[in-house]
Every structure is written in C-alpha cells, then in structure tokens.
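Below: one structure, written as structure tokens.
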Amino acid sequence: MCFDMKMKLIIRFIMFVLLGAAVTSCAPKKSEDCGFVQNVYGQRISWKTSGPIQLHVSSSVPAELKPAIHRAAASWEQTLGRKVFEVIEENTSSPSQPGRDKKNGIYFLGQWESDRKSEQGRTSVYWAGDEIQEADIRINSADFAYYDQNPQQLVRTASTKSSAGYNFEALVLHELGHFLGLKHRESGGTVMAKELGAYTDRVKLAAVDESSVQCEYR
Ligand SMILES: [Zn+2]
C-alpha cells in the first residue's frame, strides 16, 4: 500500500516564500504531527471542513465489496463521533477513472504499474497550503484478489491474476487513513502499517489510530 502526496503550488504559497524573508511573522505555526503528513511549515495536511467529505465509489468496484467501504468509513466516523464521509455509489455503465477532477473517488484498476506490483492500493492526496483539496484511492485488481468477511469467497475481476485473498475492508480502512491525511506508521498495531498480509483481518482501529485522527479532527 502506498501513499502519493502531491502538492499544488498556489499563489498564496508562493507569496509566503517570497515574503518570508521580510515578514517572518507571517510563517504559519508548526503543529505536532500526530501521525499526519505535514507541509513544509510543519502544519498537518487535512480536510478543513466539519461537514462530510464526498467519496464516490466507481462502478468499477465489484458490488460484493461495496459494503466493506461503508464499514471502513464507519470505523473512522465512530472514532470521531461524527459523520465524516458521504459515500456515493456511482451507477454508470462506463466506470469513472481517477484523476484531478475535483472528485474524490475509489476505483478498481485492472492495470497496474509493473514496477509496483506489491501494492494493493494507493491513495493520492492533493493539497494546497495545509488543506486537502482532493483525494483518490486506487485499488490494484490486476495483482490481488479480495474478500469481504468470508475468505472463502474471493472476488476477482476479469483482469485479476491468480492471487491469495486480501481483506478488502482492511485495505480500505488503511487507504481512508491516507485519505484523511495520515502517513505510514508501524508500531502499536496500527492500521497504517505499510504492509497488509494475505488473509489478515485488520479491520479494527488501534488506539494509536484513534488518537491520531482525534488530534486533528476533533
Ligand atoms: Zn499505505
């Protein structure tokens, strides 16, 4: 599982750089990382809205796996005590594709880069300043088969190669952590550990995951 962070340079940001030398008091205040990705000023990168963030489920995601997305979203919401995601299932005959389109989505992709075959998923987060503007979750359905709750029932698409089974809810829980701005971490039984093993049902947030998101969002 991997995390791509893409920063958009905006005029405001450039202005900070240009004025930085003369007006140092303009520099934003550094914050604790709390497990979050930080910008060059040491500020946590996050969504700055208290309302739900839309997450479009592409029709490329198999129907059997969609409930797992709702449960993974609910796990983060339970920790924060509020609605965080508005999960919207798309129902189009030609599935939407990831890209910089001002739409947050989760997509099943039957083609995956040959040099990144060990990744089950990847979340791209686009931000400006310290504010996330868009995030997309790509799921590798070329190299991995997934299951929801029952490991005996593997879901494959036409393009899925032979593979062991991976818990889809566990994968989405991890990618939603990135979606919210969290980075990888390895200690404390966290769901943000980089690797997810086959048939590993890591579907519960660890205490460290809860305190991380609460630090920023509550
Ligand atoms: Zn990851």
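Close Cβ contacts (under 7 Å, 6 or more residues apart or on different chains) running from residues in segment 125-150 that are under 18 Å from residue 72 (Cβ atoms) and among the polar types (S, T, N, Q) to residues that are modelled with pLDDT of 95 or more and part of a strand (DSSP E or B) comprise 140/109; 140/121; 141/108; 141/109. The residues listed here are 129, 165, 110, 197; of these, the one that is on the phi > 0 side of the Ramachandran plot and more than 17 Å from the chain's Cα centre (by Cα) is 129.
Here is a check on your reading of the model: is residue 214 outside any strand (DSSP E or B), within 24 Å of residue 82 (Cβ to Cβ) and either among the charged types (D, E, K, R) or away from the ligand (no atom under 13 Å from the Cβ) (or both)? Spell out the reasoning first.
Working: outside any strand (DSSP E or B): yes; within 24 Å of residue 82 (Cβ to Cβ): yes; either among the charged types (D, E, K, R) or away from the ligand (no atom under 13 Å from the Cβ) (or both): yes.
When the stated conditions are applied, residue 214 passes them.
Scanning segment 190-209 for residues that are away from the ligand (no atom under 14 Å from the Cβ) and either buried (at least 17 other Cβ atoms within 10 Å of the Cβ) or aromatic (Phe, Trp, Tyr) (or both) yields 199, 203, 205, 206. Within segment 9-59, track down each residue that is surrounded by 12 or more Cβ atoms within 10 Å (Cβ to Cβ), modelled with pLDDT under 60 and either in a loop (DSSP other than H, G, I, E, B) or within 16 Å of the ligand (Cβ to nearest atom) (or both). Matches in segment 9-59: 10 only. Test residue 6 against the criterion of being part of a strand (DSSP E or B) and either among the charged types (D, E, K, R) or modelled with pLDDT under 90 (or both), and give yes or no. Against the criterion (part of a strand (DSSP E or B) and either among the charged types (D, E, K, R) or modelled with pLDDT under 90 (or both)), residue 6 qualifies. Residues that are crowded, with 22+ Cβ neighbours inside 10 Å, within 16 Å of the ligand (Cβ to nearest atom), of a type in the set (Gly, Ala, Ser) and under 27 Å from residue 190 (Cβ atoms) do occur in segment 126-135. With respect to the conditions (1) within 17 Å of the chain's Cα centre (by Cα); (2) under 25 Å from residue 66 (Cβ atoms); (3) surrounded by 19 or more Cβ atoms within 10 Å (Cβ to Cβ), residue 216 lacks only one, and its number is (2). For segment 109-145, residues that are assigned to a loop (DSSP other than H, G, I, E, B) and not polar (S, T, N, Q) total 10.
Scanning segment 174-189 for residues that are within 11 Å of the ligand (Cβ to nearest atom) and aliphatic (A, V, I, L, M), we see that the one that is surrounded by the fewest Cβ atoms within 10 Å (Cβ to Cβ) is 176.
The values are calculated or read from the model by the stated rules, or taken from the named source; none is laboratory data. All of these numbers come straight from a predicted model, not from anything done at the bench. FYI the Cβ positions are ideal-geometry reconstructions off the backbone, even for glycines, and counts take in every protein chain you see.
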